[in-house]
1. Consider T395 against the criteria (1) β-branched (V, I, T); (2) modelled with pLDDT under 90; (3) open to solvent by less than 10 Å² (accessible area, probe 1.4 Å): it satisfies all of them except one. Which criterion is unmet?
2. Going through I467, I497 one at a time, which residue ends up being closer than 30 Å to P577 by Cα and surrounded by 14 or more Cβ atoms within 10 Å (Cβ to Cβ)?
3. Taking the criterion of being open to solvent by less than 10 Å² (accessible area, probe 1.4 Å) and among the polar types (S, T, N, Q), would at least one residue in the stretch 135-155 satisfy it?
4. Could you say whether any residue in the stretch 352-359 is at pLDDT below 90, aliphatic (A, V, I, L, M) and over 30 Å from the mean Cα position of the chain (by Cα)?
5. Evaluate the stretch 178-189: report whether one residue or more is open to solvent by 30 Å² or more (accessible area, probe 1.4 Å), closer than 23 Å to D314 by Cα, in contact (Cβ under 8 Å) with a residue 12 or more places away in the chain and in contact with a helix residue (DSSP H, G or I) (Cβ under 6 Å, 6 or more places away or on another chain).
6. Residues in the stretch 213-228: is at least one open to solvent by less than 10 Å² (accessible area, probe 1.4 Å), in contact with a Phe, Trp or Tyr (Cβ under 8 Å, 6 or more places away or on another chain) and more than 26 Å from L14 (Cβ to Cβ)?
7. Looking at I402, I375, which one is closer than 30 Å to T501 by Cβ, β-branched (V, I, T) and open to solvent by 10 Å² or more (accessible area, probe 1.4 Å)?
8. Among the listed residues A520, A558, which satisfies the condition of being modelled with pLDDT of 80 or more, touching a helix residue (DSSP H, G or I) at 6+ places or on another chain (Cβ under 9 Å), among the small types (G, A, S) and not in a helix (DSSP H, G or I)?
Amino acid sequence: MLFSIALLIVIAYLSYRAAPRERAEDAHVHGAGQIGLLAAVALFGMDYFTSFFYGTGELMSALHPYGLQKYGYIAAGVVAVANFVFGALYMYSLGIFNEGGGSYTASMRYLKPTLSLIVAVTLIEDYVLTIVVSALSGGDQLLSVLRLYGKYWWLHFGIGALLATATWYITIRGRGESSQVAFTLLGVFAMLTITMAIGLFIAHFKGVPPVPPTEVPKPATLLQAMMHILTASMKGMVALSGLEAMSNGIQFVINEDVRLVKWGKQHLPRLNRLWQFYSGKSGIGRFVQTSFLFYGGLTTFFLVAFAMRFDVFDGTLGRSLVGNLSYIGFGQVPGGIILFWTYQILAVILLGAASMTALQDAQATEWRDVAIGEIPEVIIYRDRRGTFTRSVTITFIVAVLIMLLVRGRTTVAAPFYGVGVFMPIMVMGLAIRQHILQHYSGRIRAWGAVGAGLAAAMAGTVFVGQIVGKWEEGGWVRLITFTTLFTSAHLVLLSPIGYRTPVQIHRIVREKARVQGAMASIVEWQSLKMQEYRYWLLVGIARFFELFGVRRPVRYEAPVFAGDYDHALHVDHPEAPSFLEQYLPKPAPRVSETSASLVKPLANPQGTATPQPSGGGQAVATTAPEPPLPGQADAQSGEPSVESAEEPGAASDVD
């Protein structure tokens, strides 16, 4: 027992010492809330890494009742291939969209604003459900250890809400503190998992017998067996929201090389292409996503193999699959019962902390949604630590309300979780395909387009497969919610809430979100593109009603033309100011009291007084301002008033 206690102390100490810390000089140089590699791994990989506790258990639960667990390797192979393909796709995308935005930016640049809007609302839903499922799963884990699983719904809800509250509090404390806590927990998890794996291999070679079966397998036809294998593959393919989270959250990453890359450039210059690939903030993001290439497949194969070896699954002996394997593995270590209980408590904490990934990406996306007109402007606020506290708080509140609506039952919320993220992955694949077709030629163009197209097709297949595989559990409702979200997003955009002027966009991006540089220019361009799309929809609706004799004049004039993406981004001059500055009101020239005292009034033919310098300079004639022309902006309301519709895409001059 003393050995296990000493081992725990050493593991906790090493994890804490290795955890990243935000120093004052780093915040001064890079900006508050900007993080490095270790912090990025912890915050954007937490949800993905903790899927270890439930992903394979869900996979095997679809096979074991029918005696099909021997086909678990097939499902694990599907999970491994999908993780590799999607991870490679997003690693490549960081070279193109290295200022953040993920599939939202990609679809706006190369596809259609309609897809961008779908991606925006789908991701918000997926992040909220990530918090719901993660927190409730943590509560389930704790109650299963206490033998209270499934007895009191209010207990499930209360523990889930408590775990979500703790994660919310840590998140609003800033990315510095969040990453330190998250990395310490992940460090303890990694070293304890290695210890468990060693114990499982010892148990295997010692000839520890499998657990005797207690249930008779249900019969299944060949077609049913294939369906169960498909369902198992879909259930095991979870927590890939980290790919999109890292792509969106790249704006919070320090733009400098990690130590390994610096060393490699100096000592191994012949591998310069590799070091360039992992350079800067894009390189940090690629390091995080490299782990996604292999982690899911390796851990799934590992758990499937030992689940079959010892014949343990979710529900065996009242424990989860990982709970059973940890009991066997730690049982081979002196005093292993202490390690076992520590591992179970750690699982509860980590599953609750998995919400950090969702809350980080909610910050990275919701301020953009405010800029494009999908969310009211009042929601955006960034504190001195660089945290968008209102976005985090609202996302947390919505998640807790959903926990209450489902009465703390993870099984009710789970069918909706992990489905929506495959839509943005598919959109990213289509956008990358268009990028390759427009910028490359020859074999690179041909093979690159095929690869990106296959990745998009695979993501689309998984999206449909997730719905079909979870159909009996309520996956069909996902079609209804998806349609409702798509419709609601357009209704909000078409309402007065969705209207944005260049002045509003500039204020939201540059002043409230305090974002500068290329990232700010990208969002400003996206916002103008979305206003073009909004105007096009309004014109289309007006023309539709005209077919039935109902004339409804368009209220707004054509928005400012967004122009070319590269021009808005200032690719040739990154230091250039915002291209929206030409539309901002110019401050009136100020005249000092001394200069004003030297000015004498001079009557002009119109009968108004014109200032004239006392030194005999030339008088400047002024005239009364002319009344505004039809179509000009109303200075009081801030919105243009137009009585007639213009053609979509026509640009108007805005002073």
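1. (2)
2. I497
3. No: zero hits.
4. Here is the first cut: in the stretch 352-359, the residues at pLDDT below 90 are 352-359.
Among the residues that remain, those that are also aliphatic (A, V, I, L, M) are: 353-354, 356, 358-359.
Filter again for over 30 Å from the mean Cα position of the chain (by Cα), leaving none.
No, because not a single residue in the stretch 352-359 is at pLDDT below 90, aliphatic (A, V, I, L, M) and over 30 Å from the mean Cα position of the chain (by Cα).
5. Scanning the stretch 178-189 turns up no residue that is open to solvent by 30 Å² or more (accessible area, probe 1.4 Å), closer than 23 Å to D314 by Cα, in contact (Cβ under 8 Å) with a residue 12 or more places away in the chain and in contact with a helix residue (DSSP H, G or I) (Cβ under 6 Å, 6 or more places away or on another chain).
6. So far as the stretch 213-228 goes, no, none of its residues is open to solvent by less than 10 Å² (accessible area, probe 1.4 Å), in contact with a Phe, Trp or Tyr (Cβ under 8 Å, 6 or more places away or on another chain) and more than 26 Å from L14 (Cβ to Cβ).
7. Numbers: I402 fails: closer than 30 Å to T501 by Cβ.
Selected residue: I375, the only one of I402, I375 that is closer than 30 Å to T501 by Cβ, β-branched (V, I, T) and open to solvent by 10 Å² or more (accessible area, probe 1.4 Å).
8. Numbers: A520 fails: not in a helix (DSSP H, G or I).
After ruling out the rest, the residue left standing is A558.
The values are calculated or read from the model by the stated rules, or taken from the named source; none is laboratory data. No experiment lies behind these values; they were computed from the predicted model shown. Methodologically, a virtual Cβ is constructed for each residue, glycine included, from the backbone with ideal geometry; neighbour enumeration extends over all protein chains shown. All accessible areas refer to the heavy atoms of the entire protein, side chains included, with ligands and DNA or RNA removed. Shrake-Rupley method; radii C 1.70, N 1.55, O 1.52, S 1.80 Å.
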